[in-house]
1. Evaluate the distance, in nm, between pseudo-label points positioned 7 Å from the Cα of Glu44 and of Val94 along their respective Cα→Cβ axes.
2. Could you compute the FRET efficiency for Ile74 and Arg37, with r as their C-beta to C-beta distance and R0 at 41 Å, rounded to 0.05?
3. Output wanted: per-residue J couplings in Hz (rounded whole) for segment 125-134, from phi through Karplus 6.51 cos²θ - 1.76 cosθ + 1.60, θ = phi - 60°, x for Gly and Pro.
4. I'd like the distance separating the alpha-carbon centroids of segment 40-66 and segment 1-17, in whole Å.
5. Pull up the DSSP beta bridges for the chain and report the antiparallel fraction as a percent, rounded to 5.
6. Are any of the pairs Lys22/Lys43; Lys13/Lys116; Lys116/Lys139 more than 19 Å apart by Cα-Cα distance, and if so, which?
7. With springs connecting C-alpha atoms under 10 Å apart, model the chain as a Gaussian network and identify which of Arg37, Arg147, Arg26 has the largest mean-square fluctuation.
8. If the cut-off is a Cα-Cα distance under 20 Å, which aspartates and glutamates reach Lys54, setting aside same-chain residues fewer than 8 apart in sequence?
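Computed from the coordinates by the stated procedures, all read-outs in this text should not be read as laboratory data. Bear in mind that the values here come from a model prediction, so they are computed numbers and not experimental data. Glycine gets a Cβ as well: all are built from the backbone with ideal geometry, and neighbour counts include every protein chain shown.
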Amino acid sequence: MDKEPMTLAGYNKITGDLDFLKKSERPETVIALEEARQLGDLKENAEYHSAKDKLKLIDFQIAELNAVISKAVIIDPSTLPHNKVSFGSTVSLVDSNTDEELTYMIVGGVESNAEKGMISFNSPLAKQLMGKEEGDEVKATLPGGVRTFEVLGVCYKEIILQ
């Protein structure tokens, strides 16, 4: 069975999402489905079909979250050394070709959000940054081609999920 490393913040977020689906979203949809069923002819009942589809989607999401939670391995990045890039590190880079500065936090798959600079430890860039330290040059083979980065710094910052 695959393990899914994540921070406590990530674990709390997905268990919270699961709790919301089970205790609020699903029961409300079951009630809506029952109310729609009482409106009569099910073949032409848009409310009924909509509620039925929503219930299928919710059940799928619940199953997906349960699967992730069953594989969860909580890692506390604050206990890891961050003199080299590891799980939970915040890495500052500069693109050697464009001088563009980038900052990424290496997180679990469920926590990744590229727009917020949080990349999965399984992403192509994160895999190639692992073990690097300040001053290292990294030729990263990425989906868009090869890019060269210099590691400006590696540190630990607490992960805050919205």
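1. Calculated label separation equals 7.1 nm.
2. Values: r = 42 Å, r/R0 = 1.02.
Efficiency, rounded to the nearest 0.05: 0.45.
3. 3J(HN,Hα) across segment 125-134, in whole Hz: 5, 4, 4, 7, 8, 3, x, 7, 9, 3.
4. Taking the Cα centre of segment 1-17 as reference, the centre of segment 40-66 is 26 Å away.
5. Details: 20 of 26 bridges.
So the antiparallel bridges in the chain amount to around 75 percent.
6. Working: Lys22/Lys43 28 Å; Lys13/Lys116 16 Å; Lys116/Lys139 23 Å.
In this structure, Lys22/Lys43; Lys116/Lys139 exceed 19 Å between Cα atoms.
7. It is Arg37.
8. List returned: Asp17, Asp19, Glu25, Glu28, Glu34, Glu35, Asp41, Glu44, Glu64.
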